[in-house]
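Student: Just dropping this structure here.
The values are calculated or read from the model by the stated rules, or taken from the named source; none is laboratory data. Only a predicted model underlies this, so the values are computations on that prediction, with no experimental measurement involved. Neighbour counts are summed over all protein chains in view; Cβ atoms, including those assigned to glycine, are modelled from backbone coordinates with ideal geometry. Protein only, heavy atoms only, side chains kept; ligands, DNA and RNA dropped before computing areas. Shrake-Rupley method; radii C 1.70, N 1.55, O 1.52, S 1.80 Å.
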Amino acid sequence: MTVQGLTSEQTSMLEFAVRWCPYGGGEPGDILVEFGLTDQDYFTRLSTLLTTRSLATGLDEATLAALRATCQHRLASAYAPR
């Protein structure tokens, strides 16, 4: 996936997100190895990317909606009291 106007890191994040969305977004360990980020940081950045650059991502509305829902779920889980 090469999207005009996105950095290589943003493109990699989108590719990972699309690939792992059907499975809940990916395992925290996979996210850490791939991006050097906690899953909370990854989903925060991805959510911002999808909000601020959604037109630039080149993804259809259904995929964008699914990715946004995954971000929202994962971030809500991260902040839920234990």
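Student: State the extension gain, in nm to one decimal, for the chain segment bounded by residue 55 and residue 19, taking 0.36 nm per residue of separation less the distance between their alpha-carbons.
Tutor: Numbers: separation 36, 0.36 × 36 = 12.96 nm, distance 1.92 nm.
Length gained, residue 55 through residue 19: 11.0 nm.
Student: So what is the calculated 222 nm ellipticity per residue for the chain, using -39500 (n - 2.57) for each DSSP H run with n of 4 or more, over all residues, to the nearest 500 deg cm²/dmol? Provide the component values of the computation, followed by the final result.
Tutor: Details: 4 runs with 54 residues, N = 82.
Taken over the chain, the calculation gives -21000 deg cm²/dmol.
Student: Accessible area of residue 7, 1.4 Å probe, to the nearest 10 Å²?
Tutor: Its heavy atoms expose roughly 70 Å² to the probe.
Student: If you bin the C-alpha pair distances of the chain every 5 Å from 0, what whole percents do you get?
Tutor: Cα pair-distance distribution for the chain, in percent: 3, 16, 29, 28, 17, 6, 2, 1, 0.
Student: Report, in order of residue number, the helices in the chain meeting two criteria: a C-alpha extent of 30 Å or more along the helix axis, and a mean Kyte-Doolittle hydropathy of at least 1.0; treat each whole DSSP H run as one helix.
Tutor: Numbers: long enough: none.
Helices passing the filter in the chain: none found.
Student: So how do 21, 71 rank on accessible area, 1.4 Å probe, biggest first, that is with the largest at the start? Walk me through the numbers on the way to the answer.
Tutor: Details: 21 25, 71 0 Å².
My answer, sorted largest first, is 21, 71.
Student: Positive end of the dipole of the chain, charges at C-beta (+1 Lys, Arg; -1 Asp, Glu), about the Cα centre: which of 26, 58, 43 has its Cα farthest in that direction?
Tutor: In the chain, that residue is 43.
Student: In debye to the nearest 20, how big a dipole does the chain give about its Cα centre with +1 on each Lys and Arg Cβ and -1 on each Asp and Glu Cβ? Walk me through the intermediate numbers first.
Tutor: Working: 6 positive and 9 negative charges, 49 e Å.
My answer is approximately 240 debye.
Student: Which value, in Å², gives the accessible area per residue of the chain when a 1.4 Å probe is used on the protein heavy atoms? Walk me through the numbers on the way to the answer.
Tutor: Numbers: 5070 Å² over 82 residues.
About 62 Å² of surface per residue is accessible.
Student: Then there's this: In terms of solvent-accessible area of protein heavy atoms at a 1.4 angstrom probe, what is the ranking of 47, 8, highest value first? Numbers along the way, then the final one.
Tutor: Details: 47 40, 8 95 Å².
The ranking, largest first, comes out as 8, 47.
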